[in-house]
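Presented below is the structure to which this report refers.
The values are calculated or read from the model by the stated rules, or taken from the named source; none is laboratory data. Given the structure is predicted, the values throughout are model-derived calculations rather than measurements. Here the Cβ positions follow ideal geometry from the backbone for every residue, glycine too, while neighbour counts run over all protein chains shown.
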Amino acid sequence: MSTLSQYPDLKTIIDYGRWAPSGDNTQPWRFKIVDSEHFDIHGFDLRDHCVYDLKGHASHLALGILLENLSIGAATLGKKIIYQLEAQSSEQKPVIHIRLETSNDTDFTQLAPYIPTRTVNRRSFSTQKLSATDKQHLEKSVQPLKVIWFEGKEKFKTTRLFFDSAGIRLTIPEAFATHSSIIEWDSQFSRDKMPDQCLGSSWITTQLMKFALKDWHRIHFLNRYLAGTWLPRIELDIIPGLFSAAHFILYSDTAPQDITDYIESGRLVQRFWLSAAEKGIQLQPQTTAMIFAQYYLQNIPFTASKKNIKACKKLTDKLAQLISPHCSVEQIVFIGRVGYGQPARSRSIRLKLDELVS
Ligand SMILES: Cc1cc2nc3c(=O)[nH]c(=O)nc-3n(C[C@H](O)[C@H](O)[C@H](O)COP(=O)(O)O)c2cc1C
């Protein structure tokens with residue numbers, strides 16, 4: 001903190017950045033101050049141990065979200081950020097150099113108040129449809145990415161997709177290490193994990209998950225003999241899936257290829273998410289179907305479970321059908337659900353500035 005206390009502007013800007021959402025609240029970044037106008041972001045991805053971080057894409061999207069927050073934060077001070085990815089740094093440990101410049105550009109500064117208040121809501125929303133104005137507002141916010149909306153009866157198909165991908169998520173041993181380490185039990189808030197109360201499950205299901213996630217053999221037993229995935233899938237996927245105004249898929253005209261494409265997409269995803277918050281629209285990402293389908297299409301083995309590889313093929317075909325003729329699975333950047341409702345009372349908070357900055 002001593003370094004930052006000399007640079008109040010950097011402190012403000014990085015504090016906005018700190019609130020960026022990341023997969024499972026992993027916050028895959030640290031900051032190194034250079035001087036009053038320069039700092040570096042040291043990113044890291046989780047592909048080695050987290051099945052949801054296919055080739056680091058989820059972490060790279062999150063880095064883009066972080067940059068968008070930094071950019072909006074800088075604009076509130078009459079500055080802009082110029083970023084440069086260090087060419088020699090690896091995609092697994094990207095280093096991004098940030099330079100501040102004076103600027104009169106106030107685009108998106110109206111989103112600044114929503115940076116700390118925006119949060120995932122995994123519970124049921126109102127089923128009232130989004131107004132045409134709100135939909136247009138969201139579509140405009142995310143350009144040049146495009147939006148496919150699923151509303152009314154269409155939501156049954158996407159809910160089924162969420163349900164099927166949860167079937168894979170909850171039964172592959174490769175996801176166990178992640179699931180068993182990312183939840184902070186008996187908590188409303190968590191600085192570096194997800195508090196169990198933000199998951200949206202009932203008390204009984206939460207207790208069941210807490211018991212099962214202590215040991216893979218328990219999960220295996222519950223799944224095999226007691227249909228263990230049904231309760232969590234009904235509570236975490238079917239009910240919230242149906243109780244939404246709409247589901248959405250964000251896609252790019254061309255499939256993102258490298259870390260820069262994912263970073264740029266992440267910036268746009270955050271504009272969409274903050275614009276939803278601005279309109280009082282709740283949002284939950286639902287990215288696992290996209291991730292499993294992309295593993296499948298790229299022929300990258302992600303599980304030893306043959307049954308789940310078969311299930312993944314079916315899931316991929318269903319997803320491809322749902323988005324045809326708009327785009328291909330490779331072009332998808334983000335999937336989620338939205339609706340009007342009250343913000344979540346339990347949420348992930350963040351590591352403190354002095355834990356993130358040196
Ligand atoms: C790239 C990305 C993918 C995510 N995927 C999911 C998801 O599939 N399901 C979900 O419930 N949350 C998902 N999240 C939300 C994170 O878990 C959440 O942002 C993080 O725990 C911090 O919480 P907060 O956004 O409430 O501050 C995702 C977030 C990001 C940035």
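General remarks:
- Qualifying residue in the stretch 219-227 (condition: part of a helix (DSSP H, G or I), in the same structural domain as PRO325 (by TED's automatic domain parsing) and charged (D, E, K, R)): yes
- Test result for ARG345, touching a His at 6+ places or on another chain (Cβ under 7 Å) and in contact (Cβ under 8 Å) with a residue 40 or more places away in the chain: no
- Just one residue in the set SER324, SER305, SER328 is closer than 21 Å to GLU154 by Cα and more than 21 Å from the chain's Cα centre (by Cα); that residue is SER324.
Conditions tested, residue by residue: (1) at pLDDT below 95; (2) crowded, with 18+ Cβ neighbours inside 10 Å; (3) closer than 22 Å to ARG271 by Cβ; (4) not assigned by TED's automatic domain parsing to the domain that holds HIS247.
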{"site": "THR106", "(1), (2), (3), (4)": "yes, no, yes, yes"}
{"site": "LYS140", "(1), (2), (3), (4)": "no, no, yes, no"}
{"site": "LEU145", "(1), (2), (3), (4)": "no, yes, yes, no"}
{"site": "LYS155", "(1), (2), (3), (4)": "no, yes, no, no"}
{"site": "PHE162", "(1), (2), (3), (4)": "no, yes, no, no"}
{"site": "GLY167", "(1), (2), (3), (4)": "yes, yes, no, no"}
{"site": "ALA175", "(1), (2), (3), (4)": "yes, yes, no, no"}
{"site": "TRP185", "(1), (2), (3), (4)": "no, no, no, no"}
{"site": "GLN188", "(1), (2), (3), (4)": "no, no, no, no"}
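- Search result, residues across the stretch 68-96 that are under 30 Å from TYR296 (Cα atoms), among the hydrophobic types (A, V, I, L, M, F, W, C) and either modelled with pLDDT of 95 or more or part of a helix (DSSP H, G or I) (or both): LEU85, VAL95
- Which listed residue, of ARG47, ARG18, is of a type in the set (D, E, K, R), touching an Asp or Glu at 6+ places or on another chain (Cβ under 7 Å), on the phi < 0 side of the Ramachandran plot and within 15 Å of the ligand (Cβ to nearest atom): ARG47
- Considering the stretch 300-358, the residues that are of a type in the set (Val, Ile, Thr) and part of a strand (DSSP E or B) include one that is farthest from the ligand (Cβ to nearest atom), namely VAL357.
- Each residue in the stretch 156-194 was checked for being in contact with a strand residue (DSSP E or B) (Cβ under 6 Å, 6 or more places away or on another chain) and not small (Gly, Ala, Ser), and 8 of them qualify.
- Considering the conditions (1) within 30 Å of LEU85 (Cα to Cα); (2) more than 15 Å from the ligand (Cβ to nearest atom); (3) charged (D, E, K, R), ASP215 is excluded by exactly one of them, (1).
- With respect to (1) polar (S, T, N, Q); (2) out of contact with any strand residue (DSSP E or B) (no Cβ under 9 Å at 6 or more places or on another chain); (3) within 11 Å of the ligand (Cβ to nearest atom), the lone exception for ASN25 is condition (2).
- Number of the condition not met by LEU268 [criteria: (1) at pLDDT 95 or above; (2) within 25 Å of LYS318 (Cβ to Cβ); (3) in contact with a strand residue (DSSP E or B) (Cβ under 9 Å, 6 or more places away or on another chain)]: (2)
- Against the numbered list (1) in a helix (DSSP H, G or I); (2) surrounded by fewer than 20 Cβ atoms within 10 Å (Cβ to Cβ); (3) more than 16 Å from the ligand (Cβ to nearest atom), LEU10 comes up short only at (2).
- You will find that of SER59, SER71, the residue that is within 11 Å of the ligand (Cβ to nearest atom) and among the hydroxyl-bearing types (Ser, Thr, Tyr) is SER59 and no other.
- Filtered by the rule that a residue be within 16 Å of the ligand (Cβ to nearest atom) and free of Cβ contacts under 8 Å to residues at least 40 places away in the same chain, the stretch 28-39 gives a lone residue, PRO28.
- Any chance ALA20 is loosely packed, with under 15 Cβ neighbours inside 10 Å and within 30 Å of GLN294 (Cα to Cα): no
- Flag if ILE33 is outside any helix (DSSP H, G or I) and either touching a strand residue (DSSP E or B) at 6+ places or on another chain (Cβ under 6 Å) or not small (Gly, Ala, Ser) (or both): yes
- Applying the condition of being among the acidic types (Asp, Glu) and touching a residue at least 40 places away in the same chain (Cβ under 8 Å) to the stretch 199-257 and asking which residue is surrounded by the most Cβ atoms within 10 Å (Cβ to Cβ) yields ASP237.
- For the stretch 316-335, filtered to residues that are in contact with a Phe, Trp or Tyr (Cβ under 6 Å, 6 or more places away or on another chain) and not β-branched (Val, Ile, Thr), the residue that is nearest to LEU130 (Cα to Cα) is CYS327.
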